[in-house]
Amino acid sequence: MPSSAPSGRGVPPRGPHRTEGPVDFLREHREEVLATLSQKDLLPRLLLQDSGRRLPLPDGSVQLVVTSPPYPYIERWDGLFERALGWPGGTLARDPTRLEAIHRSLTRTWKECERLLQPGGMLCINIGDATRTVGGEFRLFPNHVHVVEACERLGFRSLVPILWKKPTNKPNSFLGSGFAPPNAYVTLDCENILIFRKGPRRRLPPHDLLREASQFSKAERDRWFTQVWEVRGAPQRDGTAAFPEEVPRRLVRMFSLLGDTVLDPFAGSGSTLRVAHRLGRRAIGVESDRARGEQLRAALPDRPPELSKVLDDLIRGYGPGRPA
Ligand SMILES: C[S@@+](CC[C@H](N)C(=O)[O-])C[C@H]1O[C@@H](n2cnc3c(N)ncnc32)[C@H](O)[C@@H]1O
């Protein structure tokens with residue numbers, strides 16, 4: 001069964017809405033859920049290529065994209081953009097006028113996501129703005145504005161974004177001089193998680209089995225569907241600027257169903273793919289850096305998720321003392 005199809009037969013209505021997630025539902029319908037999920041192709045897949053070029057995947061075959069591209073005008077990614085766009089090394093450190101051109105190249109990937117998402121599918125993009133002195137002047141490079149404009153132009157509908165604030169041990173890191181106005185700068189201490197939908201809401205039959213089995217609890221809803229997330233950043237080891245798994249974990253639970261396909265077109269160290277697989281989704285990643293991609297391919301699970309364990313984890317995740 002293609003994963004975009006309604007998931008199994010509907011289940012009878014369950015009376016008043018429950019707030020504790022799918023625990024009781026999974027206990028009652030476990031065998032049906034397992035049988036429905038086992039018909040889906042949940043083998044993870046990694047494509048080693050530029051995600052701005054056509055990917056070997058059918059139109060409408062993805063339900064959710066969760067990703068984080070390299071951030072323009074963040075120094076660590078200068079070389080990548082300079083090489084991709086054929087500019088001499090050092091261009092971005094000198095020239096603050098290249099932001100639009102870089103975003104035009106990233107937009108090729110957002111366009112491919114638009115083709116691959118099914119109607120009602122969701123696109124979540126984690127992107128930070130950049131502050132930097134370029135050409136002798138300190139300035140802000142508002143990356144999120146360019147991504148919002150590009151995605152709206154592609155026809156995506158913007159939904160309320162999340163501000164991801166990383167708790168820091170440096171309470172008042174402050175740029176500027178002393179305590180006198182007006183020339184100090186506000187600290188850039190949030191990244192954006194932009195949320196878009198392809199067209200109107202995704203349509204599913206009433207009481208769809210996998211939808212019911214994918215519910216979040218009231219505690220999760222209260223914590224996740226709020227505009228500011230305080231999530232500690234991940235330890236950085238391999239130069240990919242990995243996000244902590246808590247970020248894709250929330251997004252995958254919020255915006256996809258068990259058995260859905262989740263794509264990360266800038267896979268990096270594979271955080272989204274690992275999380276999606278563990279949560280019983282099909283994980284597809286794209287990575288253009290061959291060495292990083294090979295490393296990731298070796299580390300990715302080479303089999304579908306163990307479905308019984310996926311459901312057990314989901315049940316355990318709701319247990320007492322485990323608010324996610
Ligand atoms: C910010 S990192 C992603 C980090 C990831 N979220 C994680 O948790 O590890 C961006 C990744 O995208 C890759 N990349 C850059 N341009 C790409 C492109 N056009 N197509 C595919 N991958 C690309 C980079 O090599 C890098 O690994």
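Please treat every number below as a calculation from the coordinates, not as lab data. Predicted model, so just to flag it, every value in this text is computed and none were measured. We place every Cβ from the backbone using ideal geometry, glycine too, and count neighbours over all the protein chains shown.
Here are a few things to note about the model shown:
- 19 Å reach of a label modelled at A299, 7 Å along Cα-to-Cβ, counting backbone N of segment 225-245: 232-245
- The slack between L159 and E246, meaning 0.36 nm per residue of separation minus the straight C-alpha distance, is 29.3 nm.
- Added length on full extension, which subtracts the Cα-Cα distance from 0.36 nm per residue, L34 to V228: 66.3 nm
- Put simply, the amide H of V286, placed in the peptide plane, has neighbours under 5 Å in L47, D264, F266, A267, leaving out anything fewer than 5 places away on its chain.
- Value at 222 nm in deg cm²/dmol, rounded to 500, when DSSP H runs of n ≥ 4 in the chain each add -39,500 (n - 2.57): -9500 deg cm²/dmol
- Spin-label model distance (nm) - E20 vs R53, 7 Å beyond Cα toward Cβ: 5.3
- Amide H to amide H, with H built 1.01 Å from N, L159 comes under 5 Å of I195, F196, R197, counting only residues 5 or more places away or on other chains.
- Paramagnetic label zone (point 7 Å from Cα along Cα-to-C-beta, L43; backbone N under 19 Å) in segment 61-81: 61-62
- Assigned charges on the beta-carbon of Lys, Arg, Asp, Glu; segment 253-324 dipole about Cα centre (debye): 160
- Set of lysines near K198 by C-alpha distance (under 25 Å), chain-local residues within fewer than 8 positions excluded: K40, K111
- A Förster distance of 35 Å, applied to the separation of the beta-carbon atoms of V145 and I315, puts the FRET efficiency at 0.25.
- Rounded to 10°, Cα long-axis angle of helix 290-299 versus longest principal axis of the chain: 30
- Residues V66, V134, V228, V147, ranked from the fewest to the most other C-beta atoms within 10 Å, line up as V228, V134, V147, V66.
- With Cα atoms, 0 to 90° folded angle of helix 99-116 axis to the chain main axis: 10
- Residue of A242, A93, A276 that the Gaussian network model of the chain assigns the largest fluctuation, springs spanning Cα pairs under 10 Å: A93
- Cα long-axis angle, helix 307-317 against the chain (0 to 90 degrees, to the nearest 10): 70
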